[in-house]
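Peer 1: Shown below is the structure under consideration.
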Amino acid sequence: SMNAEDIQPNRMTMAKNVMVNSLKGFTNDRVGIVVFAGEARSIMPLTTDFTAAETYISGIETSIVQIQGTDFLKAMQEVVKKFKNVPKGARQIVLISDGEDNEGNDKAALNLAKKEGIRITSVGIGTEEGAPVPEYIYGQLMGYKVDMTTGQTVVSRRQTNALSYLASGTGGNYIDGNSLEDASKKIVSTLSVPALC
């Protein structure tokens, strides 16, 4: 669903741009990257090398994770592994998602975040009106995702409930990610305040 084009050029590109733009406001912070859908994978260890981070970010594609969905618990479990040597008061994540196809593990993800002293700043990308989800093969548009039951074109819409729930439950903020400059400034501002865990 992050390939949907209700945000130009698409949600994934906007998410990557928000990440790169936010890095410009960091100083001595360490950053890492976990990508997730129905499964989660760490693609970059914690580092202060923001140039390397930009390189990793530019390589993110929706095809990195094969299992579809939005499993916040699997993402949180992967993040916890990254934070094993980080003090609880310094554990902050920026969760960027359209929130759709939620696996329903919000409560378990929130409980794990709270137990591990992680504050979540969530960023929602996409619109409530939504857009069809394009399907590409080797970069060529082959059509749009279709519901196998009804045969209708799937329209993906941003879902903010879980994103807001995870942020507020950990003392973080929900940020609208559809404006690059505004979202980046809010992310940097939010992360500059120490987590109280």
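Peer 1: Probe of 1.4 angstrom, ligands and nucleic acids ignored: what's the accessible area per residue over the stretch 1-139, in square angstrom?
Peer 2: Value returned for the stretch 1-139: 48 Å² of accessible area per residue.
Peer 1: What is the magnitude of the charge dipole of the stretch 87-179 about its Cα centre, with +1 placed on the Cβ of each Lys and Arg, -1 on the Cβ of each Asp and Glu, and no other charges, expressed in debye to the nearest 20?
Peer 2: For the stretch 87-179, the charge dipole is close to 600 debye.
Peer 1: Below 8 Å, C-alpha to C-alpha, sequence gap of six or more: please give me the relative contact order for the stretch 102-177 in percent.
Peer 2: 43 percent
Peer 1: Only Lys, Arg, Asp and Glu count, each charged at its Cβ (+1, +1, -1, -1), so figure out the dipole size of the chain about its Cα centre, rounded to 20 debye.
Peer 2: 980 debye
Peer 1: Continuing with the same structure: Only Cα pairs under 8 Å and at least 6 apart count here; give the relative contact order of the stretch 21-92 as a rounded whole percent.
Peer 2: 33 percent
Peer 1: Now for a separate question. Grab the Cα-Cα distance for Glu61 and Lys115, subtract it from 0.36 nm times how many residues apart they are, and report the gain in nm with one decimal.
Peer 2: The span from Glu61 to Lys115 would gain 16.4 nm if fully extended.
Peer 1: Ignoring any ligand, DNA or RNA, what whole percent of the accessible area of the stretch 76-146 comes from carbon and sulfur when the probe is 1.4 angstrom?
Peer 2: 51 percent
Peer 1: As I understand it, the dipole of the stretch 1-133 uses +1 on the Cβ of Lys and Arg and -1 on the Cβ of Asp and Glu, about the Cα centre. Which of Val80, Ala108, Ser122 lies farthest toward its positive end?
Peer 2: Val80
Peer 1: A further question on this structure: Could you grab the relative contact order for the chain? Cα pairs under 8 Å, six or more apart, rounded to a whole percent.
Peer 2: With pairs under 8 Å counted, the relative contact order is 25 percent.
Peer 1: Can you give the convex hull volume per residue for the Cα atoms of the stretch 143-197, as a whole number of Å³?
Peer 2: Taking the convex hull of the Cα positions in the stretch 143-197, it is 116 Å³ per residue.
Peer 1: Could you calculate, for the chain, the ratio of the Cα radius of gyration to the Kirkwood radius, expressed as Rg to Rh?
Peer 2: With Rh from the inverse mean 1/r over Cα pairs, Rg/Rh is 0.95.
Peer 1: Now for a separate question. If each DSSP helix of 4+ residues adds -39,500 (n - 2.57) and the sum is divided by the residues in the chain, what number results at 222 nm, nearest 500 deg cm²/dmol?
Peer 2: That comes out to -9500 deg cm²/dmol.
Peer 1: Leaving out ligands, DNA and RNA but keeping every protein chain, what accessible area does Ile57 have, in Å² rounded to the nearest 10, with a 1.4 Å probe?
Peer 2: Estimated to the nearest 10 Å², Ile57 gives 10 Å².
Peer 1: Using the Cα gyration tensor of the stretch 8-88, with a ≥ b ≥ c the square roots of its eigenvalues, what is the shape: rounded (a/c below 1.5), prolate (a/b larger than b/c) or oblate (neither)?
Peer 2: Oblate, because a/c is 1.5 or more while a/b does not exceed b/c.
Peer 1: Taking the Cα centre of the stretch 1-104 as origin and charging only Cβ (+1 Lys, Arg; -1 Asp, Glu), how large is the dipole, in debye to the nearest 20?
Peer 2: 640 debye
Peer 1: Top to bottom by accessible area (1.4 Å), largest first, where do Glu128, Glu116, Glu5 land?
Peer 2: Glu128, Glu5, Glu116
Peer 1: Taking the Cα centre of each part, how many Å lie between the stretch 108-180 and the stretch 13-38?
Peer 2: Cα centroid of the stretch 108-180 versus Cα centroid of the stretch 13-38: 16 Å apart.
Peer 1: What is the spin-label model distance, in nm, from Thr51 to Val86 if the labels are put 7 Å beyond Cα along the C-beta direction?
Peer 2: My value for the distance between the label points is 2.3 nm.
Peer 1: Can you pull the accessible area of Val31 for me, 1.4 Å probe, Å² to the nearest 10?
Peer 2: 20 Å²
Peer 1: With all protein chains present and a 1.4 Å probe, how do Leu180, Leu163 order by accessible area, largest first?
Peer 2: The ranking, largest first, comes out as Leu180, Leu163.
The values are calculated or read from the model by the stated rules, or taken from the named source; none is laboratory data. This structure is a prediction, so every number in the text was calculated from the model and none was measured. Because the Cβ atoms are built from the backbone with ideal geometry, glycine has one as well, and the counts that use them run over all protein chains shown. Areas reflect the complete protein model, heavy atoms only, side chains present, ligands, DNA and RNA absent. Shrake-Rupley method; radii C 1.70, N 1.55, O 1.52, S 1.80 Å.
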